[in-house]
1. Residues that are among the aromatic types (Phe, Trp, Tyr) and either within 20 Å of Ala190 (Cα to Cα) or surrounded by 10 or more Cβ atoms within 10 Å (Cβ to Cβ) (or both): does region 405-416 have at least one?
2. Please determine, by comparing only the residues of region 321-361 that are in a loop (DSSP other than H, G, I, E, B), under 14 Å from Ile268 (Cα atoms) and in contact with a helix residue (DSSP H, G or I) (Cβ under 6 Å, 6 or more places away or on another chain), which one is modelled with the highest pLDDT.
3. Could you tell me how many of the residues in region 314-353 are of a type in the set (D, E, K, R) and surrounded by 14 or more Cβ atoms within 10 Å (Cβ to Cβ)?
4. Among the residues of region 193-213, is there at least one that is at pLDDT 90 or above, part of a loop (DSSP other than H, G, I, E, B) and surrounded by fewer than 18 Cβ atoms within 10 Å (Cβ to Cβ)?
5. Assuming His189 fulfils every condition listed in (1) at pLDDT below 85; (2) in a helix (DSSP H, G or I) apart from one, which condition is it?
6. So which residues in region 364-393 are closer than 29 Å to Trp255 by Cα, touching a residue at least 12 places away in the same chain (Cβ under 8 Å) and not aliphatic (A, V, I, L, M), if there are any at all?
7. When you look at Lys187, is it assigned by TED's automatic domain parsing to the domain that holds Phe237 and more than 15 Å from Thr256 (Cα to Cα), yes or no?
8. Which condition from (1) of a type in the set (D, E, K, R); (2) more than 29 Å from the chain's Cα centre (by Cα); (3) surrounded by 12 or more Cβ atoms within 10 Å (Cβ to Cβ) is the one that Lys187 breaks?
Amino acid sequence: MAAKSKRKCHFTEEMKKEHPFLEKKFKGDDDSGDLFCRMCSGTFSISNGGQYDINRHLKSDMHKKAMIAKASTKPVTAFFSKNQPESQDLELAAREGLFAFHSVLHNHSFRSMDCTSKIIKEIYDTKFTCSRTKCEAIAVKILSPYILGKIRKELDNSKNDPKNELYLSFLLHQAKMFNDTVKLLEKEHACASEIGTILKSIINNLELRRSEQFIGTNTSKLLHNLIEAGEIQENSFRKYTDSFFETAIEYLNNWTADFEAVQFLDWIQLRKQVKWGDLEKVVTDGKSYGLHIDESALFNEYSCLKAYLTNEKLQELQTIPKIDERWQAILSHFETETIQTPVLESIVEFSLCLPGTNASVERSFSILNNIWSSEKSQLSLETLKGLMNLKINANCSCKEFYADLRKRPEIEENTFL
């Protein structure tokens, strides 16, 4: 008699409820008894043993290790922020925001925040985390947009106040004058006498505006409308404008105090005809700067300058923007005509060497720091001097420098050797 075949076991609904981490390996095949365990990623069959096979899998080493690992590992959701932060979460966020702002305000490097954040976490709050990446992200992505938003909001609110439009209109007229003056002050190769003249010019302009109560046509219309509407008193606004001019003039006078000492060199700018009285001041005032001038020789050279510097020639020189190039044209003419002017040349050289600002000095130190870095700390003074000379005085691109070298065979020969 043939042996009776054993009944095949299936994964029932009761088994699913009891073991939710188990599922059919082949979901479309209802006759298959192969199961997949999401806990340990293992597969096994219950076709022959049913519940017994499940219990045997649960007692296996692989499944036990997976259970232990799951119990000791936090779920991914534990690292997500809560949708609704609690009060202590908001307080911690405010502390981290303050820490990021403090770092930016006092010029701390973001790299140093790695160590500082750990110290704060160790001493004060174990939940505090604001190291390099997070500190930078808070500063750039959160705090900076927040500050810009505050500024935009204040500007939007100011539009609703007609008095703000009046004050802004007045300041706009003054801002253009200051902007044009700054452009003149920032031009390259400006000497001290030239800067002093520019500053005196804006001071005279401000004093005239103050005495004439100049506020601009548009500002005058706004002021008139506001006075009629009873929203502002003319005296209070005039008092404000007068205070503005007074403060600006006082500030600029403090800046021009140092340039008054070199007023005896103003004639160097060639804005008008040079007179002997201008050069006499150089003879007397120049002694305090170490200039010992032969007055007789200077007068002889002055006579040559006066003969050359006609009104037409002076107007022609005004088309040359840089003062040093104007004097280069004059002295080149004298050299061509074999007229010796050593005293005049020394005065011009001295005048043009007095810097109008310290920008050139700061630029030199900046170039020095770039050259004399920690990687190049063994440079000799001779090498450093040569590199500084090239960086500051070459004033050309590599292509232009190559073209210049091709015109200088003696330099090429020395380079070849």
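1. No.
2. In this case the residue turns out to be Leu354.
3. 4
4. yes
5. In the conditions (1) at pLDDT below 85; (2) in a helix (DSSP H, G or I), His189 misses (2) alone.
6. Across region 364-393, the qualifying residue is only Ser364.
7. Judged against the criteria, Lys187 is a match.
8. Single failed check for Lys187: (2).
The values are calculated or read from the model by the stated rules, or taken from the named source; none is laboratory data. All figures in this text were calculated on a predicted structure; none of them were measured in a lab. Glycine also receives a Cβ, built like all others from the backbone with ideal geometry; neighbour counts cover every protein chain displayed.
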